[in-house]
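To start, the structure itself, in structure tokens.
Bear in mind these aren't lab numbers, they're just calculated from the coordinates by the rules spelled out. For clarity, every value in this text was computed on a predicted model and none was experimentally measured. So basically every Cβ, Gly included, is an ideal-geometry build from the backbone, and we count neighbours across all protein chains shown.
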Amino acid sequence: MIEIRFHGRGGQGAVTSAELLALAAIEEGKYAQAFPSFGPERRGAPVLAFCRISDQPIKIRANIYEPDLVVVLDASLLKVVNVAAGLKPEGILVTTSSDSPEKVKETLKIKNRLGVVDAVKIAREVLGLPITNTTMLGSLLKASGLVKKESFILPLKGRFGRVAEKNISAFERAYQETILIQ
Amino acid sequence: MAKRIGMEVSIAAAEAVKQANVDVISAYPITPQTHIVEHLAELVANGDLDADFFCVESEHSALSVCVGAAATGARTFTCTSSQGLALMSEITYIASGLRLPIVMIVSNRTLSAPLSIWNDHSDVMSIRDCGWIQFFVENGQESYDHVFAAYRLAEENSVLFPVIINMDGFILSHVIEPIELIEQGKIDQFLPPYQPVHQLHPDHPVTMGAFALPAIFAETKKAQEEALRSSMPKIIETWKAFGDMSGRYYHPVETYQAEDADTLLVTMGSYGETASVAVDKMREAGRSVGLVKIRLWRPFPFDDLKKATLHAKQLVVIDRAISVGACGPVASEVKAALYGNDQRPSVYNFVAGISGRDVTPSDFVKMVDKAEIEIAEGNKEGFEIYGVRG
């Protein structure tokens, strides 16, 4: 079982990211679960969302404390939240940032593999909005190969309807532009 | 096997209500039940579900509408949580007293005060004695499945009781997971249209909910109590028929690795699966631990519970509500079930996860550890709230 934790700010779509990832995995015939850190929704406040993916039915219903993957949707969180908390030694962290991967690694003080992409820039250019959820899914996929790219198409269309194409482009661009370092 | 579709559990539950082809829905929004009624309102507004959706000003009215509609012979649905259920409580007794086959999903949430939107079972425990048949489910599939079983059971001539499906708020209601949907043709066969025996109808006037003098009230209540108790075979029969249709079989009490276990965890609701992960961990470590899950809360399955637990040395009962001044409500029932037996396991009771506090597999292991130590030291009937600071 792979466990993924998403860090974002209320309104950026961390919960949507977790949901789309689960839907893509289920689309492939896998088992998956996605849920928010339950609470009153507050725009701008740090929020968490969780996703589990497995070949077997998932039985655990509790938050994720030792993730295999961490996805950060807002670069300002890197300094205010311990986003790498509990990340497994072999785990991967992907984040949006306009800084170089080396600099981000220094800020986070982690030894894990790291993926960095300027998702805000991509989202602004492609979607016209700084909402990084689908963009960061492209980055996550590049770093982890967790599910097939095509498996996202249906869930993205289901969620975004008319603007699905733009989200698919943002997703695709982040996939291409993510830089991975050891 | 049907394809598994990824969807939020609340949406799956609402889809089941649609597939059950209800005639009347009446509800008032409250977190975390909201997504269920929002989806149903959308289905009705879009013409995907041919039902009347009554928007009301309170939960008291929501259930009152259901009572009136069910009395005319309509298949009715409502859904609530927490304070909403508390506001309905007056009408819950009327619905069961009038023997109206209403189905309600309770997306379980803590009762105030302090104000909390998160999950526990204090809401439904506040109407424990209201005379409805009460199920607890432990995952999304069960939430979906139980809607069909609930209607078929409720509308059975020899049953005619309202049914509550307890589905843990957030922990189930807000989770996206794979659900196997059942073909409409199979549902229609399993759940034919409701044929009421007694019906409010202008052409054939009857009185429902009449005044009862002391000379008749006790007899009426006895009839109700006997009817609820004797619904047990029908409950089992309904789940059997549902299993034959869907391949998923449900029972009043279900067990996991329990047959030879010295220590048994006892849970109700969404704890079940997480606790089973803890049992696997403890079994791997060579410990004799198993799990007993209560699915049917009313009528309480005393015999099934005894059969599942009497061989054990100790039970660790995990409640998600407190009967303040006593103990957890599940533990009370478990103790009552075991009392008449000379040889019976000790019962150690934890209240855990109230107001949605996260309970992980290692928390279950810690509770078993603590209970085994306490019992070995002679504290055989302990009660505590787990994980409280200070």
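Some notes on this structure:
- Projecting the Cα positions of B:LEU40, B:ILE11, B:ALA27 onto the charge dipole of the stretch B:1-82 (unit charges on Cβ atoms of Lys, Arg, Asp and Glu, taken about the Cα centre) puts B:ILE11 furthest along the positive direction.
- Shielding by other protein chains, A:22-32, mean Cβ within 10 Å: 4
- All aspartates and glutamates inside 13 Å of A:LYS111 as judged from Cα atoms, apart from same-chain residues fewer than 8 positions distant: A:GLU90, A:GLU102
- Each label was represented as a point 7 Å from its Cα along the Cα-to-Cβ direction; for A:GLU150 and B:ASP129 these points are 6.2 nm apart.
- The mean of 1/r over all distinct Cα pairs in the stretch B:253-385, once inverted, gives the Kirkwood hydrodynamic radius of 14.4 Å.
- Angle between chain B longest axis and helix B:329-338 axis [Cα atoms, degrees, rounded to 10]: 70 degrees
- What you get for the stretch A:2-181, charging only the Cβ of Lys and Arg (+1) and of Asp and Glu (-1), is a dipole of about 280 debye around the Cα centre.
- Between 0 and 90 degrees, the angle of helix B:271-284 with respect to the longest Cα principal axis of chain B falls at about 30 degrees.
- Prolate/oblate/rounded call for the protein assembly as shown, Cα gyration tensor, a/c under 1.5 rounded: oblate
- Note on B:CYS55 and B:SER158: their simple-model spin labels are 4.4 nm apart, each label 7 Å out from Cα toward Cβ.
- For residues of B:355-367, the mean tally of beta carbons on other chains within 10 Å: 2
- Folded to 0 to 90 degrees: helix B:34-45 orientation relative to chain B principal axis, Cα: 20 degrees
- Whole-Å distance, taken between Cα centres, linking the stretch A:80-132 and the stretch B:96-175: 43 Å
- DSSP beta bridges confined to the stretch B:253-385 are antiparallel in about 15 percent of cases.
- Think of it as helices only: each DSSP H run of n ≥ 4 in chain B is worth -39500 (n - 2.57), and spread over all residues that comes to -12500 deg cm²/dmol at 222 nm.
- Label point 7 Å beyond Cα of B:LYS281 along Cβ direction - residues of the stretch B:356-390 with amide nitrogen under 15 Å: B:358-371, B:387
- Evaluated with a Cβ-only charge set (Lys, Arg +1; Asp, Glu -1), chain B carries a dipole of roughly 680 debye about its Cα centre, given to the nearest 20.
- Two-site FRET efficiency, A:TYR65 against B:GLU42, from Cβ-Cβ distance with R₀ of 41 Å, rounded to 0.05: 0.70
- Cross-link table B:LYS18/B:LYS222; B:LYS234/B:LYS370; A:LYS79/A:LYS157; B:LYS307/B:LYS370; A:LYS149/B:LYS186, entries beyond 30 Å C-alpha to C-alpha: B:LYS18/B:LYS222; B:LYS234/B:LYS370; A:LYS79/A:LYS157; A:LYS149/B:LYS186
- Residue exposure sequence - A:ILE92, B:ILE165 - by fewest surrounding Cβ within 10 Å: A:ILE92, B:ILE165
- Per-selection Kirkwood Rh - chain B (Cα, Å, 1 d.p.): 21.4 Å
- The eigenvalues of the Cα gyration tensor, multiplied by 5 and square-rooted, give the stretch A:2-181 an equivalent ellipsoid with semi-axes of 21, 20, 16 Å from largest to smallest.
- Unit charges on C-beta of K, R, D, E only; dipole of the stretch B:231-384, Debye: 340 debye
- Between the stretch A:20-36 and the stretch B:237-267, the alpha-carbon center distance in angstrom: 27 Å
- Peptide B:176-183 shows a mean partner chain C-beta count of 5 within 10 Å per residue C-beta.
- Within the stretch B:148-174: backbone nitrogen closer than 11 Å to the B:ALA2 label point (7 Å, Cα to C-beta): B:148
- Mean residue ellipticity (222 nm) of chain A, computed from DSSP H runs ≥ 4 via -39,500 (n - 2.57), nearest 500: -11000 deg cm²/dmol
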